[in-house]
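This report refers to the structure that appears directly beneath it.
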Amino acid sequence: MRIVAEHLSYTYNPRSPFAVRALDDVCLTVEEGEFFGIIGHTGSGKSTFVQHLNGLIRTPASLKRRKRKQASPVQTLTVGEFDLTDKKTDFRALRKSVGMVFQYPEYQLFAETVKEDVAFGYKNFADKKPTDAEIGLAVNEALSIVGLDPNEVAGKSPFDLSGGQKRRVAIAGVIVSKPEILILDEPAAGLDPLGKREIMELLHRIHGAWCKTVVIVSHDMDEIAENCTRAAVFAEGRVKYCLPPRELFKMTDELLALGLDIPLTAKICLALKKRGIEIDCDFTTEDFIAKTLALKGGVK
Amino acid sequence: MKEVAFGQYYPVDSFIHKVDPRLKLLFLIAYIVAIFLAKNFYGLAACAGVLLAIVLFSRVPLGKVLRAVRGVTFLVLFTAVINVFFYRGDTVLWGWKFLQITREGLIFSAFLVLRILLLVVCSSMLTYTTTPVALTDGIESLLTPLKWVRFPVHVLALVMSIALRFIPILSDETERIKNAQKARGADFESGGLVKKVRAVVPILIPLLLSAFRRADELGDAMDARCYMGDKHRTKYKKLRFTWRDAIVFFVGGALIAGVVVLRVYLGAPV
């Protein structure tokens with residue numbers, strides 16, 4: 001499933017003093033199989049954009065009128081075969097194919113046991129009422145892939161788990177319906193370094209095996225540099241750049257001017273460059289170290 | 001998210017917005033008294049005229065003002081229907097068994113409906129033009145006399161302002177949780193009553209947990225900054241009466257006086 005957005009605009013509270021233009025003519029394509037990153041400042045429109053992708057925010061009804069007039073470019077948003085600007089789209093089917101993990105997903109846990117909570121999405125999306133055995137199987141599978149031992153946690157209350165475990169349960173609760181596209185808003189926010197690494201490893205396990213496409217929204221440039229095939233930079237509701245990290249993080253000055261950070265590897269490359277040492281790496285730690293070590297002989 | 005921004009407050013700069021919240025509160029009370037003192041349509045017309053002036057001076061769009069009325073449509077219709085059919089008058093226009101429409105009944109219901117509408121619009125003008133913070137400040141200041149009998153006015157005001165402050169936060173949170181559960185396929189729209197009530201559980205539990213967590217955190221933060229209640233506290237924004245308040249004061253006074261005069265000299269509508 002491809003995600004194609006063209007000329008997508010969205011305003012919160014239109015025609016009132018609270019009006020906020022969150023998206024402004026966004027054009028973006030995410031290919032099937034990508035590990036796509038979305039970066040940008042708070043309020044740059046990235047969260048608004050991803051909420052469009054499974055129909056939680058819909059393009060306003062006035063769209064049709066505008067289509068006829070052809071005054072402004074036609075807004076389109078399609079995810080696979082779903083046309084999200086069409087009111088008649090089956091949003092339940094869409095949400096089954098596009099899983100969405102919100103920021104701090106552990107705050108959405110509600111059931112008495114982990115098993116029940118994870119099964120919530122599975123039951124909602126099942127075409128006919130699933131049997132207990134089917135539910136158990138799906139839940140166990142989902143819990144295993146997020147790195148939890150089903151025998152140990154399935155019967156516990158989700159509120160008795162640690163912060164990192166809660167987040168895994170919440171992610172399991174989304175992927176249990178096997179969505180084709182998985183979207184995560186700041187999946188590693190508020191976790192310690194080890195927890196962050198574990199979440200990213202988990203996403204790599206999910207990517208490919210469970211969900212063909214993964215889209216993450218993140219503030220952490222290292223995360224983007226290490227994991228993503230491509231990344232889009234949002235600023236003031238527009239897409240400023242959409243490039244593979246290898247090219248994106250070469251534009252150090254542009255990113256810093258937008259008030260964004262750059263990955264640690266890019267910072268070191270920059271510092272080395274000032275001293276006359278050029279390293280051409282793709283900004284992943286692995287590649288950076290390999291290239292630096294290869295250089296070792298040449299440096300005095 | 002961001003759908004319910006700050007209660008009802010409509011942020012523009014106007015004469016009415018600048019009036020001292022205490023005076024606005026007092027004026028509202030005076031206005032309500034005036035509405036109930038009015039015995040005939042002349043009195044209500046005077047009230048309506050004053051209200052119209054307030055709406056115009058406040059620069060709140062008319063559509064927004066009328067939206068406040070929409071919330072009480074049912075109440076208004078209900079009152080009107082009951083009174084039209086059951087008011088016992090002399091001039092019977094139509095009758096069927098125990099139902100009866102009289103000329104007096106029609107006039108009386110029109111009178112009541114007008115009363116309710118004026119009441120609702122005037123109170124919503126208060127919330128449209130006053131920030132919740134200013135409103136609680138005003139209430140605290142007006143209740144000061146109760147401090148003499150050891151009534152915890154400050155605590156009451158604090159509870160009110162915290163509650164008001166949390167409304168947008170919790171409504172944001174509700175929206176977020178609702179979206180998260182919708183993304184997991186939760187369905188809040190279809191099904192019968194039982195199904196709908198059960199569908200609320202996945203929203204309610206996380207929401208309650210988060211409300212308790214926030215309350216805990218706020219309490220800790222206040223303790224950490226040595227909050228001790230109103231002892232030795234000064235105000236950042238001191239309320240002061242100005243010429244605007246004098247005008248409002250006289251308009252309020254004149255309204256009550258006028259309505260009383262109209263009541264005495266022109267008599268009842270029916």
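The values are calculated or read from the model by the stated rules, or taken from the named source; none is laboratory data. Note that this is a predicted model, so its numbers are computed, not measured. Positions of Cβ are backbone-derived with ideal geometry, glycine not excepted, and every protein chain shown enters the neighbour counts. Heavy atoms of the whole protein, side chains included, go into the accessibility calculation; ligands, DNA and RNA do not. Shrake-Rupley method; radii C 1.70, N 1.55, O 1.52, S 1.80 Å.
For chain B, the longest principal axis of the C-alpha atoms and the axis of helix B:73-86 are separated by about 30°. Among beta bridges identified by DSSP and lying wholly in segment A:3-262, the antiparallel ones come to about 45 percent.
Translational diffusion of the protein assembly as shown, estimated by Stokes-Einstein from the Kirkwood radius over alpha carbon pairs at 4 °C in a medium of 1.567 mPa s, is 45 µm² per second.
What the Cβ-Cβ distance of B:Leu239 and A:Ala93 gives, at R0 = 56 Å and to the nearest 0.05, is a FRET efficiency of 0.45. Only loop residues by DSSP count here, and only those with at most 14 other Cβ atoms within 10 Å; note down the GluC sites (Glu not before Pro) in segment A:98-132 that meet that. Passing both the DSSP loop test and the Cβ count: A:Glu112.
As a quick test, which of the pairs A:Lys46/B:Lys195; A:Lys212/B:Lys182; A:Lys46/B:Lys196; A:Lys128/A:Lys156; A:Lys46/A:Lys87; A:Lys128/A:Lys166 have an alpha carbon distance above 25 angstrom in this structure? Please list the in-between numbers first.
On the way: A:Lys46/B:Lys195 34 Å; A:Lys212/B:Lys182 22 Å; A:Lys46/B:Lys196 32 Å; A:Lys128/A:Lys156 27 Å; A:Lys46/A:Lys87 23 Å; A:Lys128/A:Lys166 29 Å.
Over 25 Å Cα-Cα: A:Lys46/B:Lys195; A:Lys46/B:Lys196; A:Lys128/A:Lys156; A:Lys128/A:Lys166.
From the square roots a ≥ b ≥ c of the eigenvalues of the alpha-carbon gyration tensor of segment B:15-266, which class results: rounded (a/c under 1.5), prolate (a/b over b/c), or oblate? Oblate shape, in that a/c is at least 1.5 and b/c is the bigger or equal ratio.
For chain A, what does the accessible surface come to per residue with a 1.4 Å probe? Please give it in Å².
Solvent-accessible surface per residue comes out at 48 Å².
With the convex hull of the Cα atoms taken as the outline of segment A:179-240, the averaged projected area works out to 4.6 nm². For the residues of A:167-178, the average number of beta carbons from a partner chain within 10 Å of their own beta carbon is 1. Per residue of B:184-191, other chain Cβ atoms within 10 Å of the residue Cβ number 5 on average.
For the B and A pair, go ahead and give the buried accessible area with a 1.4 Å probe, both sides summed, in Å² to 100. In total, chains B and A hide about 2200 Å² from solvent. Segment A:81-115: which residues show an accessible-area loss of 40 Å² or more, assembly versus chain alone, 1.4 Å probe? Buried on complex formation: A:Arg95, A:Phe102, A:Tyr107, A:Gln108, A:Phe110. Within the accessible area of the protein assembly as shown, the carbon and sulfur atoms contribute 61%, probe 1.4 Å, all protein chains present. Within the listed set B:Leu135, B:Leu56, B:Leu77, the residue fluctuating most in the Gaussian network model of chain B (springs between alpha-carbon atoms under 10 angstrom) is B:Leu77.
A DSSP coil position with no more than 16 other Cβ atoms inside 10 Å describes the following GluC sites (Glu not before Pro) in segment A:157-258: A:Glu180, A:Glu236. Here is the list for segment A:14-46: trypsin sites (Lys or Arg not before Pro) lying in DSSP coil, each with at most 11 other C-beta atoms within 10 angstrom of its C-beta, are A:Arg15. Dipole size of segment B:1-144 about its Cα centre, with +1 on Lys/Arg Cβ and -1 on Asp/Glu Cβ: approximately 300 debye, rounded to the nearest 20.
DSSP beta bridges confined to the protein assembly as shown are antiparallel in about 50 percent of cases. With equal scatterers on the alpha carbons only and no solvent term, can you work out the Debye log10 of I(q)/I(0) for chain A at 0.08 1/Å? Those come out to -0.40, one per q.
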